[in-house]
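Just below is one structure, and these are the notes that go with it.
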Amino acid sequence: MKVLVIGGAGYIGSHTTYELIRAGHEVVVLDNLSTGRMGAIHADARFFWGDIRRKSDITKVLLAEEKTRPVDVVMHFAAKLVVPESVLKPLEYYENNVEGVRTMLEAMVDCGVKNIVFSSTAAVYGEPDNPLCSEDDPTAPINPYGETKIASEQLIKWVAAAHGMNYCILRYFNVAGADQSLRIGLDKDQLTHLIPLIMQSALGMREKLSIFGSDYPTSDGTCIRDYIHVTDLAQAHVSGAQHILDTGDSLLLNLGSGKGFSVKEVVDAALELFDFNYEFAPRRAGDPAKLIANSNRAREILGWEPKLSLTDMIKSDYAYRKQLQQDTD
Ligand code: UFG
């Protein structure tokens, strides 16, 4: 298949591009490089600079590609995703995340592209009563980021119904790790995620890790999350796209391992490999105590199974970060 990856210079977009190319597909990347970087775009992907909020940037690519072979599937990764930032800048988040999706869908309708794969998030579940989340559970986001994803999901469903399109909406849980090539990984300036912050502590780039909260109603008092390796996640995009293309069905799937690890368990797993200091700190605002994916639907429909472990995520993130550190020395 031929896939347009919007946001292919970012963390998950670049990993999905790598997996698409490894599986023999043709990839075109559109990115405005606001948070992504040129070096993360696979050498075999064609790159167009452009902004998802400008329809002509998208139609230009779709029409240019049509001359050789039309794009079969558009994948969307061009969202803003920092939860606390979304609370401070809701207008920016709605403009980029929802207006961006609306513009992209309009361009797809204009150019007759019928298949969309969309990155959504566990943040749509908010603070659920049942921490093992299934796709049919109620959604109740507790921040603008999660709200923009629900709004986009709804928009995609309505547009798909009106224009005969197929969608594959993927709700990610806690994504971590780096590609085996170590050419791509999570390399933002301001990291907020647990595993990269642990690795920065292990590499001496920060004094110590703070564990946010030790009085949650969990076995050891720290929050429980479902961690998934970015390569496993990327492979689910390839299978999901192929599925909607082959069957004409639409999908809404959770992507997680189905296993929960507490923050303390992640810290202990990393301490088995590396030395670093940590402390217990107050709770961080907006953190639900426990969030785990029920990913049975992805297993049943796509035959998808995460292959990589928490240790694989820790080791690969460390190796990628160590290499970044050496490159800047
Ligand atoms: N944590 C720490 N110390 C840190 C960083 C994180 O203790 O320095 C804790 C957090 O408090 C939380 C857990 O580690 O309990 C995981 O936090 P992350 O920031 O790594 O990830 P989140 O669970 O907050 O966020 C993820 C996705 C979001 C999505 C959210 C849904 O990254 O995009 O899940 O809950 F919105």
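The values are calculated or read from the model by the stated rules, or taken from the named source; none is laboratory data. It should be emphasised that the depicted structure is a prediction, and the values quoted were computed from it without experimental measurement. Cβ sites come from the backbone with ideal geometry, for glycine too, and all protein chains shown count toward neighbours. Side chains are part of the model used for accessible areas, which takes the heavy atoms of the whole protein and leaves out ligands, DNA and RNA. Shrake-Rupley method; radii C 1.70, N 1.55, O 1.52, S 1.80 Å.
To keep it simple, each residue is scored yes or no on (1) away from the ligand (no atom under 12 Å from the Cβ); (2) open to solvent by 10 Å² or more (accessible area, probe 1.4 Å); (3) within 22 Å of residue 307 (Cα to Cα); (4) not assigned by TED's automatic domain parsing to the domain that holds residue 292.
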residue: 182; (1), (2), (3), (4): yes, yes, yes, yes
residue: 185; (1), (2), (3), (4): yes, no, yes, yes
residue: 240; (1), (2), (3), (4): yes, no, yes, yes
residue: 248; (1), (2), (3), (4): yes, yes, no, yes
residue: 265; (1), (2), (3), (4): no, yes, yes, no
residue: 269; (1), (2), (3), (4): yes, yes, yes, no
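Tell me, please, whether a residue that is within 25 Å of residue 285 (Cα to Cα), within 12 Å of the ligand (Cβ to nearest atom), surrounded by 22 or more Cβ atoms within 10 Å (Cβ to Cβ) and aliphatic (A, V, I, L, M) can be found in segment 162-175.
Yes, because at least one residue in segment 162-175 is within 25 Å of residue 285 (Cα to Cα), within 12 Å of the ligand (Cβ to nearest atom), surrounded by 22 or more Cβ atoms within 10 Å (Cβ to Cβ) and aliphatic (A, V, I, L, M).
Grab the strands (runs of 3 or more DSSP E) fully contained in segment 1-119, keeping just those with 3 or more residues being open to solvent by 20 Å² or more (accessible area, probe 1.4 Å) and in contact with a helix residue (DSSP H, G or I) (Cβ under 9 Å, 6 or more places away or on another chain).
Correct list: 46-49.
Does residue 45 count as modelled with pLDDT of 95 or more, over 17 Å from the mean Cα position of the chain (by Cα) and not assigned by TED's automatic domain parsing to the domain that holds residue 284?
yes
Considering (1) open to solvent by 20 Å² or more (accessible area, probe 1.4 Å); (2) within 9 Å of the ligand (Cβ to nearest atom); (3) at pLDDT 95 or above; (4) not aromatic (Phe, Trp, Tyr), say which one residue 195 fails and leave the rest.
(1)
Would you please name the residue that is nearest to the ligand (Cβ to nearest atom), looking only at residues in segment 198-219 that are more than 30 Å from residue 299 (Cα to Cα), open to solvent by 40 Å² or more (accessible area, probe 1.4 Å) and not hydroxyl-bearing (Ser, Thr, Tyr)?
The selected residue is 212.
What single numbered condition from (1) more than 30 Å from residue 243 (Cα to Cα); (2) within 13 Å of the ligand (Cβ to nearest atom) fails to hold for residue 274?
Only one criterion in (1) more than 30 Å from residue 243 (Cα to Cα); (2) within 13 Å of the ligand (Cβ to nearest atom) is unmet by residue 274, namely (2).
Kindly list, by first and then second residue, each pair from a residue in segment 41-52 that is under 15 Å from residue 14 (Cβ atoms) to a residue that is part of a loop (DSSP other than H, G, I, E, B) and open to solvent by 70 Å² or more (accessible area, probe 1.4 Å), limited to pairs with Cβ atoms under 9 Å and residues at least 6 apart or on different chains.
These pairs meet every condition: 42/183.
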